[in-house]
Amino acid sequence: MSLPPNFLDELRTRTSLSQVVGRKVLWDTRKSNQAKGDMWAPCPFHQEKSASFHVDDRKGYYYCFGCQAKGDAISFVRETENVGFMEAVEILAAEAGMQMPKRDPQAQEKSDHRTRLTEVMEQAVRFFGRQLRSGAGADAREYLARRGLDQATQERFAIGFAPPGWQTLWDHLIGHGVPGEQIIEAGLAKPSQKGGKPYDTFRNRIMFPIRDPRGRAIAFGGRAMDPNDNAKYLNSPETTLFDKSRTLYNHGPAREAAGKGQPLVVAEGYMDVIALASGGFEAAVAPLGTAVTEHQLQMLWRITDEPVMALDGDGAGLRAAYRVIDTALPLLEAGKSLRFVLLPEGQDPDDLIRSEGRDAMRTLLTDAQPMVQLLWRRETEGRVFDSPERKAALDKTLRDRIRTIQDPSLRNHYGEEIKRLRWELFRGPSRQAHPGRRRFTMQAPSKPADDTRASLLVAGGKDVEIRLREAVILAALIVTPELIPEFEAKIEEMPCADRDHAALKACLLRHAGDTVEAVRTAADAAVGDDALEMLCRARHVAITPCLRNPGDPELARQTIAEELAKLEAGTGLDAEIAEAAEDLYASADETLTWRLGQAAQARQSAQRAQSEDRTEYDLGPNGAAINREERSAFAALMETIRFDKPRS
């Protein structure tokens, strides 16, 4: 329906935005100036304590300096009431005493029809409430009392009781002039398959009215009193009023409570929501008998940025959590996510609050896990990764999950967190030195000046060789990114003391499997165009065959494998010498001399390999100096052993 332009202008003129907003917020009296229409409050769209939400009553606009929410009175009603544009206009027009323009006859008839159905639903709410308080509801009242639901709570949630009879509600509504087709269309009765009178949908059940965000009854949920009933919980069927995939139980009250700073908690069912609300956690909602849907997630994120999913800690609760993760991952945005609370096994919110108090539930909500932790748990818990094939399968599964995230920045952050968790899982505890042994260490080289940091030769010592090899590996992977997954584990172990090398390594691991263009763009962003260009143009990199002639994956694979092997050999040799040095100060035996002899042979082999590839890396005089220093240090160590070794 289109509206005359002057109608909306007049509506905005008659409407006080501060009055509309004031129903949802508590104004900061110290910061606000009501005389000037300059009002401030905590934002109703995201959880905060400071008054960053500004309303300019004279201009009729609001703006939040925290979440950047902005708009006028119509958009505010749309967001806070979760209604469409026309419905928001109707709400404001009614408050302003304005008559809505005439609608299209068909649209008006549809609206009037929905209104009649909601009136039928309200009659059913009142009928079920009277039945609960009658003699027929004695067992239901006793059950509710055992669950801790007092009279005030029953009235607050309009809990009722559907008697066991087949046509009790039907006869009541027909007797009050409700047409039978409306009773059936509202989902309160079903036509008989045998040609008889329609029968009630709900029989011998405790009834929970389900309301839309504006508080209108649109459906029911019923809990069976008979333990042998096939369905413990039964919801209304889909109707003109009710779409369970787009509805949340307790939506309206929870949204209002979340606007006042309470955490939004998504529980599993009606009783959980009621227990949470009764325990002081009033921003509680529940889906309606199905897994959380995309529409429900969007509704939750309109209330708060990080709803907390509170689920049972048993297998069923975990499976429900994992289904939510699969639904949520493609929908995630920066600042919009989920956190998870897994309740102690065998306890629901009511049990926990009763046995351990509100503080126990508050602690669980405060310590809720981020979604990435639960994603990692699903893929790793109870599994053994003792082979390359199993590790590769884990990597592929996690990459596939993360790729469903649409936001590139968020996808990168998930990748980095998964890499960290993977490192912790596969790396294991580091090898500790034996007690009482002195640690043999070499002093780190002094930090180079800023104007010479780009040169790989300024560090001196063995760092030069390591950095040269790392540079070749990183450059080869930049031009051949399809090889990153193949060498991923080895790349992670590269020390990368150079800051640019470390940034490039992290970048390559995040973009494993991406195109050359995507990897190059990401690498530019990681270290800057100049730094990347300097790396690729450095002589020891540029003369590498696979970089002189890019596009040959096999040649690149061979180069990367060789350089990684040389790095690994050097690391192993250093570890052997360091361990031998520790043994030198702890005890001396005949095996020590043998081990150092083996180390010497390995050093000589490494030196021969280095001389063979000297022209490839173009070390020049500095390289020779490094080798002389290493030989001198090793000879000095041998002399120390020769003179310090106790005589037998």
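The values are calculated or read from the model by the stated rules, or taken from the named source; none is laboratory data. The model shown is predicted, which means the values in this text are computed figures rather than measured ones. Methodologically, a virtual Cβ is constructed for each residue, glycine included, from the backbone with ideal geometry; neighbour enumeration extends over all protein chains shown.
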- Among what's in the range 213-251 and is within 29 Å of the chain's Cα centre (by Cα) and assigned to a loop (DSSP other than H, G, I, E, B), pick the residue that is surrounded by the fewest Cβ atoms within 10 Å (Cβ to Cβ). D243
- Query: When you look at A189, is it buried (at least 17 other Cβ atoms within 10 Å of the Cβ), more than 18 Å from W170 (Cα to Cα), out of contact with any His (no Cβ under 8 Å at 6 or more places or on another chain) and free of Cβ contacts under 8 Å to residues at least 24 places away in the same chain, yes or no?
  - Reply: no
- From I206, I210, grab the single residue that is in a strand (DSSP E or B), within 32 Å of the chain's Cα centre (by Cα) and either free of Cβ contacts under 8 Å to residues at least 40 places away in the same chain or under 20 Å from T153 (Cα atoms) (or both). I210
- Item | In the range 374-387, the residues that are part of a helix (DSSP H, G or I) and either outside the structural domain of A334 (by TED's automatic domain parsing) or touching a residue at least 12 places away in the same chain (Cβ under 8 Å) (or both) | L374, L375, W376, R378, E379, T380
- Being in contact with a helix residue (DSSP H, G or I) (Cβ under 8 Å, 6 or more places away or on another chain) and of a type in the set (A, V, I, L, M, F, W, C), is that true of even one residue in the range 59-66? no
- Of these, A310, A224, which one is modelled with pLDDT of 90 or more and more than 24 Å from L329 (Cα to Cα)? A224
- Among the residues of the range 386-418 satisfying the criterion of being closer than 13 Å to L509 by Cβ and charged (D, E, K, R), which is surrounded by the most Cβ atoms within 10 Å (Cβ to Cβ)? D395
- Task: Tell me, yes or no, whether the range 40-50 has at least one residue that is outside any loop (DSSP other than H, G, I, E, B) and either touching a residue at least 24 places away in the same chain (Cβ under 8 Å) or in the same structural domain as E256 (by TED's automatic domain parsing) (or both).
- Result: no
- Output the helices (runs of 4 or more DSSP H) that fall wholly within the range 477-569 and possess 2 or more residues being outside the structural domain of K391 (by TED's automatic domain parsing) and either over 20 Å from R420 (Cα atoms) or touching a Pro at 6+ places or on another chain (Cβ under 6 Å) (or both), or say none. 516-527, 529-537, 539-542, 545-548
- Can you spot a residue in the range 353-360 that is of a type outside the set (V, I, T) and either in contact with a Pro (Cβ under 7 Å, 6 or more places away or on another chain) or over 30 Å from I274 (Cβ atoms) (or both)? no
